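Report on one structure; see the data block that follows.
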Amino acid sequence: MKRTMRGQDFLPLIAGIYAFLAPLWTTTTHRATWTAVVLGIVIAGAALAALVEPDRLPFEGFVALTGALMFISPWVMNFSAVHPMAWMATSPAG
C-alpha cells in the first residue's frame, strides 16, 4: 500500500527551518548557535527526504532521531544555561 503525504509531514520541515533561523532572534552563544544551525539543516533535510519518499520508513526514523538529538543538545553541547536557546531546543516546536 502506497503512503501519501499528510499535513503533519510538514511539521519536521518547519521545525528544522525554525531551529536554523532561531539564533537570529534568540539570545545565544557560539556553541548554541552552531548546534541549532547544524541540527536545523539536518532536520530540514531529513524532513525533505521523508516528504519526497513518503514510503521510505528509514527517512521517518531519521527525522525522529534528529528530533531526539535536538532535544538532548542543550545538555550534550553544554548550553543548558542559555535559557532561550535551551527552551528552543527542547520545545515541541524546536
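Data for the structure
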{"quantity": "Three-way shape call for the chain based on the alpha-carbon gyration tensor, with the a/c threshold at 1.5", "calculated": "prolate"}
{"quantity": "Label point distance in nm, Leu51-Ser91, each placed 7 Å from Cα along Cα→Cβ", "calculated": "2.1 nm"}
{"quantity": "Helix runs (DSSP H) in the chain reaching 20 Å along axis by Cα, Kyte-Doolittle at least 0.5", "calculated": "30-52, 57-76"}
{"quantity": "Longest exposed-site-free window of the chain, the sites being trypsin sites (Lys or Arg not before Pro) in a DSSP loop that have at most 10 other C-beta atoms within 10 Å", "calculated": "7-94"}
{"quantity": "Ellipticity estimate at 222 nm from DSSP helix runs (n ≥ 4, -39,500 (n - 2.57)) divided over the chain, nearest 500", "calculated": "-21500 deg cm²/dmol"}
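Throughout, read-outs are computed from the coordinates displayed, never taken from laboratory work. Note that the structure is a prediction, hence the values are computed from the model and not measured. When we count neighbours, we look across all protein chains shown, and the Cβ atoms used for this are built from the backbone with ideal geometry, even at glycine.
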